[in-house]
Amino acid sequence: MDLTQRRDLLKSGALIIGAPAVLSAFQASKSIKVGLVGCGGRGTGAASQALKADDFSNLTAVADVFPERIDDSLASLKKIHGEKVKVETANMFVGLDAYEKLIDSGVDVVILATPPGFRPSQLRYAIEKGKHVFCEKPMAVDVPGIRHVMETSKMAKEKNLSLVAGFCWRYSSHIIETFSKIKDGSIGDLIAYYGTYYTNPVKPMPPADTRPAGMSDVEWQIRNWYNFQWLCGDSLVEQAIHTVDKVAWAFNDAPPVSCVATGGRQIPAEGGNIYDHFSVNYLYPNNVRAFVSSRQIEGCYNENADYIMGTKGQAIIGRGPNPRIVGENPWTFAGQKYDMYQKEHDDLFAGIRKGTPLNDGERMCTSTLLGIMGRMAAYTGQQITWEQVMNSQHRLFPEKLEWSGKLSVDPMPLPGRTKFV
């Protein structure tokens with residue numbers, strides 16, 4: 001059923017006639033109140049998609065640590081959605097605890113789009129309070145955070161709450177069909193996976209002398225969150241995690257045995273502590289390997305592609321307009337593509353209306369762990385096993401955080417010297 005048909009059914013009430021067993025708390029014409037935590041570009045985009053996904057969804061609360069981002073986000077959303085943006089001044093929350101105030105304001109669905117270091121605590125609070133959640137990727141920046149999210153995911157299932165992750169390729173029509181072909185045996189047995197994520201820097205670190213006088217360490221780092229491990233998890237975990245997620249998908253979300261990796265910082269960035277390139281070699285059972293290479297350096301060859309090799313052929317994604325298979329069973333995707341970002345929200349809200357909540361919890365945690373595993377191997381220069389990762393005690397996110405507080409930056413990891421914890 002496409003979006004137009006679903007909306008017609010919602011308006012006519014056809015979804016509820018003769019089917020009381022699938023009714024959720026939301027009748028067909030009842031408003032679903034949406035709250036946005038993190039009003040940057042991704043958060044604003046996700047809120048817009050949530051408002052498009054359901055005729056009776058309304059944005060009623062927003063939260064951020066920066067008031068100007070709230071203003072910009074609301075101005076943008078009002079231009080697109082008009083009266084569906086119903087945020088009163090009292091429901092514009094600012095500060096590190098703003099997410100709690102938003103969740104307590106009476107919203108039904110929470111969009112979490114802050115830097116991922118904040119994700120575990122914000123997600124737990126939303127689920128504890130009985131809210132449906134759209135949660136951007138990745139799920140955490142360290143393993144203790146992921147363990148926390150795993151528990152929260154189980155809690156969401158027990159409470160019959162939706163938990164949809166921002167691993168958007170899982171909601172893409174042409175990628176879904178490609179992986180269906182792979183799993184149906186079109187390329188035979190999987191031999192190897194090679195994924196690339198070569199791109200420019202997302203948010204380059206500004207020079208230290210541009211820092212305003214009196215700005216605290218915490219505010220400065222959050223304003224430049226992509227350059228700090230405790231906030232973004234590094235470039236492999238924050239951005240190239242999309243490629244890592246496709247690797248996990250190809251292996252049915254089963255964990256690898258171990259991995260080794262290289263990485264480092266080629267272009268200096270004063271103040272930050274993330275790498276600008278990674279190359280990870282994952283070992284799966286039966287000596288099958290997956291390779292993920294990423295780079296964020298200007299002036300270089302860029303590519304976001306996947307080469308999935310089997311005993312009967314190869315699936316290729318990202319080289320040309322459509323995915324294709326070459327070999328014994330040639331195939332090219334010829335179906336209709338749709339906006340995968342929108343589809344995430346269409347499915348989320350349809351599930352809420354029907355009382356059939358979605359839960360991406362297990363796989364979203366596995367994919368994030370896979371990225372963290374690769375980062376650990378690159379940081380330490382060691383071979384890291386899945387068992388080691390699952391038992392890691394290394395915390396990147398501070399246990400206590402104060403807006404005006406001091407916060408030293410961990411030194412850049414040095415392979416061979418940085419220890420696995």
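Just so it is clear, none of the values below were taken in a lab; they were calculated from the coordinates. Since the model is a prediction, treat every value here as computed from it, not as a measurement. Glycine also receives a Cβ, built like all others from the backbone with ideal geometry; neighbour counts cover every protein chain displayed.
For the reader, a short list of remarks on this structure follows.
- Neighbours of T60 by Cβ distance under 14 Å: Lys/Arg scored +1, Asp/Glu scored -1, total +2.
- Normalising the average separation of contacting C-alpha pairs (under 8 angstrom, six or more residues apart) by the number of residues puts the relative contact order of the chain at 20 percent.
- Going from the fewest other Cβ atoms within 10 Å to the most, the residues L51, L414 appear in the order L414, L51.
- With the simple model of a label 7 Å out from the Cα in the direction of the Cβ, V257 to D217 spans 4.3 nm.
- Evaluated with a Cβ-only charge set (Lys, Arg +1; Asp, Glu -1), the chain carries a dipole of roughly 520 debye about its Cα centre, given to the nearest 20.
- Per-residue ellipticity at 222 nm, computed for the chain from helices alone with -39500 (n - 2.57) per DSSP H run of at least four residues, works out to -10500 deg cm²/dmol.
- Calculated FRET efficiency for the pair A192/D71, C-beta based, R₀ 56 Å, to 0.05: 0.70
- Region 65-96 and region 357-387 have Cα centres separated by 34 Å.
- Charge sum, other residues only, whose C-beta stays under 10 Å from D245's C-beta, Lys/Arg counted +1 and Asp/Glu -1: +3
- Listed pairs K33/K78; K131/K400; K181/K312; K79/K137 exceeding 18 Å between Cα atoms: K131/K400; K79/K137
- Considering only F167, W331, M215, and ranking their Cα positions along the charge dipole of the chain that arises from unit charges at the beta-carbon of Lys, Arg, Asp and Glu, the one farthest toward the positive end is W331.
- As computed over region 85-132, the Cα convex hull volume per residue (Å³): 82
- Estimated FRET transfer efficiency when R0 is 51 angstrom, pair S404-Q27 (beta carbons, to 0.05): 0.65
- Among F118, F349, F167, F26, the ranking by other beta carbons within 10 Å of each residue's beta carbon, starting with the fewest, stands as F26, F118, F167, F349.
- Each of T44, T178 was scored by other Cβ atoms within 10 Å of its Cβ. Listed from fewest to most, they are T44, T178.
- Note on region 154-282: Cα convex hull, mean projected area over all directions, 11.6 nm².
- Per residue, the convex hull spanned by the Cα atoms of the chain amounts to 152 cubic angstrom.
- Assuming charge only on the beta carbon of Lys and Arg (+1) and of Asp and Glu (-1), the dipole of region 159-206 about its Cα centre is about 280 debye to the nearest 20.
- In the frame of its principal axes, region 337-414 has Cα extents of 49, 39, 26 Å, reported largest first.
- Local electrostatic count, C232, Cβ distance below 10 Å [Lys/Arg +1, Asp/Glu -1]: -1
- Using the Karplus relation 6.51 cos²θ - 1.76 cosθ + 1.60 with θ = phi - 60°, the per-residue 3J(HN,Hα) values for region 210-226 come to 8, 6, x, 4, x, 6, 5, 4, 5, 5, 4, 6, 5, 4, 10, 4, 5 Hz, with x marking Gly and Pro.
- Loop-located trypsin sites (Lys or Arg not before Pro) in region 335-421 (DSSP state other than H, G, I, E, B) with a sparse environment of at most 13 neighbouring Cβ atoms within 10 Å: K337, K400, K406, R417, K419.
- Packing here is the average count of other Cβ atoms within 10 Å per residue, and on that basis the peptides 138-149, 179-190, 123-134, highest first, run 138-149, 123-134, 179-190.
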